[in-house]
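> The structure under discussion is supplied below as structure tokens; questions concerning it will follow.
The values are calculated or read from the model by the stated rules, or taken from the named source; none is laboratory data. Every value quoted in this text rests on a predicted model; they were computed, and no experiment measured them. FYI the Cβ positions are ideal-geometry reconstructions off the backbone, even for glycines, and counts take in every protein chain you see.
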Amino acid sequence: MFRPVRGAGGRWQEEAGSVAREARTHYAILGLLCWKSMSGYDIRKMVEVGLSHFWSESYGQIFPTLNRLVEQGLATRSVDPGSGNRRRQVYRVTAAGRRVFKEWMKRPSALPRLRDEVKLKFFLTSRGETAESIRLLEAYGRQQREHLAMLKDSQTILEAAWRDGNLSNELDELKKTLAWTDKGSPAQTRELLMFLLTLRSGIMVTEARVAWVDEAISVLKGTQHD
């Protein structure tokens, strides 16, 4: 169960982790550009609205990564002629960028790297009071139930869009970014299905967290009467 990490010291491991995160950002943004030419703002909205339940990127990572993709010949940058004085910069994937992305897609995927603050705090209450452990879990349970309700609302919206082509106002950002229409094409229908299925993964993970919280609280309360 416990596998110590062997390396050349903490600093080396931290730097290696930073490089790995940078590489994942590189491919995530390259993949989005393979969908459609986008501005940095478009990519940010895609991450916030479409990917947030399974992938996160800070705004500060997006533009440096876009600049590197251009420098490496994997994307091009041009000013959108319809943007007026805003001079909106649009990024387009190149043929080389598509090849690099396809090669990455064929590679085995790494296991998810977990850094769960609540679980760490819970583990560290091992030598504290049981009441403190329970308090921590109850707060986490409330948070996860609220998050679950939000995800299920999103599921309802996506299901209606996928099944009936009903693009509600909540999908406006995605409509603008991905040029979706109320008369959905087969490609649009497939994109909606992928959004829905990845959202279902987020729902199932959150449901598992809620179930774990309930079980752990029940067990801990039982020990208070021993």
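> Is there any pair with a first residue in the range 37-63 that is closer than 23 Å to Leu158 by Cα and a second that is of a type in the set (S, T, N, Q) and surrounded by 13 or more Cβ atoms within 10 Å (Cβ to Cβ) whose Cβ atoms are under 6 Å apart and which are 6 or more apart or on different chains, and what are they?
Filtered contacts from the range 37-63: Asp42/Thr177; Lys45/Thr177; Met46/Thr177; Phe54/Thr198; Glu57/Thr25.
Residues are listed down the side, and each one gets a yes or a no for (1) modelled with pLDDT under 95; (2) in contact with a Ser or Thr (Cβ under 7 Å, 6 or more places away or on another chain); (3) more than 26 Å from Ile43 (Cα to Cα); (4) assigned by TED's automatic domain parsing to the domain that holds Trp212:
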| position | (1), (2), (3), (4) |
| --- | --- |
| Asn85 | yes, no, no, no |
| Tyr91 | no, yes, no, no |
| Arg98 | no, no, no, no |
| Ser126 | yes, no, yes, yes |
| Glu129 | yes, no, yes, yes |
| Glu138 | no, no, yes, yes |
| Gln143 | no, no, yes, yes |
| Glu146 | no, no, yes, yes |
| Leu158 | yes, no, no, yes |
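> Tell me, yes or no, whether the range 106-114 has at least one residue that is surrounded by 14 or more Cβ atoms within 10 Å (Cβ to Cβ) and either out of contact with any strand residue (DSSP E or B) (no Cβ under 7 Å at 6 or more places or on another chain) or assigned to a loop (DSSP other than H, G, I, E, B) (or both).
Checked against the condition, which is being surrounded by 14 or more Cβ atoms within 10 Å (Cβ to Cβ) and either out of contact with any strand residue (DSSP E or B) (no Cβ under 7 Å at 6 or more places or on another chain) or assigned to a loop (DSSP other than H, G, I, E, B) (or both), the range 106-114 yields no hits at all.
> While we're on this one: Could you check how many residues of the range 132-157 are surrounded by fewer than 17 Cβ atoms within 10 Å (Cβ to Cβ) and either free of Cβ contacts under 8 Å to residues at least 40 places away in the same chain or within 18 Å of Val49 (Cβ to Cβ) (or both)?
13
> Also, I was wondering about something else. What number of residues within the range 157-183 satisfy the criterion of being within 16 Å of Thr198 (Cβ to Cβ) and of a type in the set (Val, Ile, Thr)?
Residues in the range 157-183 being within 16 Å of Thr198 (Cβ to Cβ) and of a type in the set (Val, Ile, Thr): 1 in total.
> Against the definition (at pLDDT 95 or above, in the same structural domain as Glu132 (by TED's automatic domain parsing), exposed (fewer than 14 other Cβ atoms within 10 Å of the Cβ) and not in a loop (DSSP other than H, G, I, E, B)), how does Ala187 come out, yes or no?
no
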